[in-house]
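Trainee: Got a structure here, written out as structure tokens. Questions coming.
We did not get these values from a lab; they are worked out from the coordinates using the rules stated. Keep in mind that this is a model prediction, so the values were computed, not measured. FYI the Cβ positions are ideal-geometry reconstructions off the backbone, even for glycines, and counts take in every protein chain you see.
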Amino acid sequence: YTDVLGFDVLSEQYIPNVPMQHTDGSFAFMLHGRSDLASAQATNPDEAAVTMVFKTSDLAQTVSALEQRGVVFLQDIYPNEAGDFVATFQDPFGNVVEVAAVK
């Protein structure tokens, strides 16, 4: 989440709960680590269980920037059921994440 997705670790004092925020301060979340759970890994995007969605104002630019940082997308930009355009990838732990341009 730090090297590839550009988040900063705010604190590690509550391990395995790691508070993180984006470098521009626009978004923060708590990352919880548990070794007894499997990730939501999927090779077919139609079967993927999305675990997190990041909103962006320019989906094509965001996808391009993430690809330059080594992110491999499971599926190119496509419209979801709500009519929003999204692209899905797996995070460093194999969980499925969506980047969305929401209307």
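Trainee: Amide H of GLN75: which non-local residues (sequence gap of 5 or more, or other chain) have their own amide H closer than 5 Å, using H built in the peptide plane?
Mentor: Amide H to amide H, under 5 Å and 5 or more residues apart or across chains, GLN75 pairs with THR88.
Trainee: Net charge near VAL97, counting Lys/Arg +1 and Asp/Glu -1 over other residues with Cβ under 13 Å of its Cβ?
Mentor: In short, -1.
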